[in-house]
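The values are calculated or read from the model by the stated rules, or taken from the named source; none is laboratory data. What you see is a predicted model; the values in this text were computed from it and never measured. For neighbour counting, all protein chains shown are included, and Cβ atoms are generated from backbone atoms with ideal geometry for every residue, glycine included.
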Amino acid sequence: MGNQIRDIFTPGRGVEIAFNINSLAPTIRSSIIFECDHDDNIIIIAQSTPPMLPGRDFDEMSLTTTVTGELSRITRVGVSCKITDYLNHYQLSGDNTTKALKIKYSPSMFEGNIRSAYRHNTNTEFNVGGVLTHQDQQYISGKSFKLFDISVTGTGMLLPKTIKRKKNPMLQIKASSLFKLNLLLIRTMPDKTKKKESIEVKASAIRTNSNYNDLYGFMGVKFTKISRKDEMMLSQFVHEAQLFELRKMNKR
């Protein structure tokens, strides 16, 4: 098991700090590994997003990440741990410093899930578009709606109140309505080319607000059915987006 931990928890890997992981509402923080000393069961990670501060008490704390196994099955693994030090001036390359957390972990690794889902706020590097089909009517992102965040369990949509001076018909979709979403996951690669993947989900509106602000309505969407393959692609997309944001943050 110790060798597995050495092979999985390595510098540069994206991780999540999970507090009270077995509860119905665990607290989750994203981070990235800076440094490992597996002989002493020590891992140094970037200060989490949002940041963890001294003085917070939790019944249990775990450091988790995802691994891909046989048949491309994605599994979440973790180790029990505790924060032993808050490093305010951790040395990066050159003269750069950043905030970091020193973690002491138990050498026993476990497999499990986190009930909370991470939400990625879409941006130019990791964007999402798509088509929503409701009662044989198709609505296209960029025109009828904008997906402003996404997780493996759902998405949030902004609905412009008017389209070409006419009321947006999507504002008439009621909570509990069922529909289909064909989503396009768009990554901007380092060479500025676009990598695109398509997934399909069945979904329902779990909350709606036709007067979210002066310009937009809002619809919260829950995914009700997604294939294992598409779920894996979406999970990987969200994970890579979080890792990108953490690396960008630690370069500042």
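Below are the figures for this structure:
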item: Search result, residues across region 185-197 that are hydrophobic (A, V, I, L, M, F, W, C) and either loosely packed, with under 15 Cβ neighbours inside 10 Å or not assigned by TED's automatic domain parsing to the domain that holds LYS225 (or both); result: MET189
item: Strands (runs of 3 or more DSSP E) enclosed by region 140-216 - at least 3 residues per element that are under 26 Å from THR124 (Cα atoms), touching a residue at least 60 places away in the same chain (Cβ under 8 Å) and of a type in the set (A, V, I, L, M, F, W, C); result: 154-160
item: Condition check for TYR90: modelled with pLDDT of 85 or more, crowded, with 19+ Cβ neighbours inside 10 Å and in contact with a Cys (Cβ under 9 Å, 6 or more places away or on another chain); result: no
item: Single unsatisfied condition, SER177 versus (1) small (Gly, Ala, Ser); (2) surrounded by 14 or more Cβ atoms within 10 Å (Cβ to Cβ); (3) touching a Gly at 6+ places or on another chain (Cβ under 9 Å); result: (3)
item: Candidates LYS229, LYS166, filtered to the one that is within 30 Å of ILE32 (Cβ to Cβ) and either within 18 Å of the chain's Cα centre (by Cα) or loosely packed, with under 14 Cβ neighbours inside 10 Å (or both); result: LYS229
item: Residue match in region 107-123 (condition: modelled with pLDDT under 90, in contact with a His (Cβ under 9 Å, 6 or more places away or on another chain) and part of a loop (DSSP other than H, G, I, E, B)); result: yes
item: Criterion: modelled with pLDDT under 90 and either of a type outside the set (Asp, Glu) or outside the structural domain of GLY129 (by TED's automatic domain parsing) (or both) - qualifying residue of THR153, THR162; result: THR153
item: Condition met for LEU159 (crowded, with 16+ Cβ neighbours inside 10 Å and either in contact with a Phe, Trp or Tyr (Cβ under 7 Å, 6 or more places away or on another chain) or not charged (D, E, K, R) (or both)); result: yes
item: Close pairs from region 77-92: first more than 14 Å from SER48 (Cβ to Cβ), partner of a type in the set (A, V, I, L, M) and exposed (fewer than 15 other Cβ atoms within 10 Å of the Cβ), Cβ under 7 Å, at least 6 apart; result: VAL77/VAL67
item: Selected residue (criterion: modelled with the lowest pLDDT) from residues of region 1-13 that are over 17 Å from MET61 (Cα atoms) and not in a loop (DSSP other than H, G, I, E, B); result: GLY2
item: THR27 vs. criteria under 15 Å from GLU111 (Cα atoms) and either at pLDDT below 85 or surrounded by 19 or more Cβ atoms within 10 Å (Cβ to Cβ) (or both); result: no
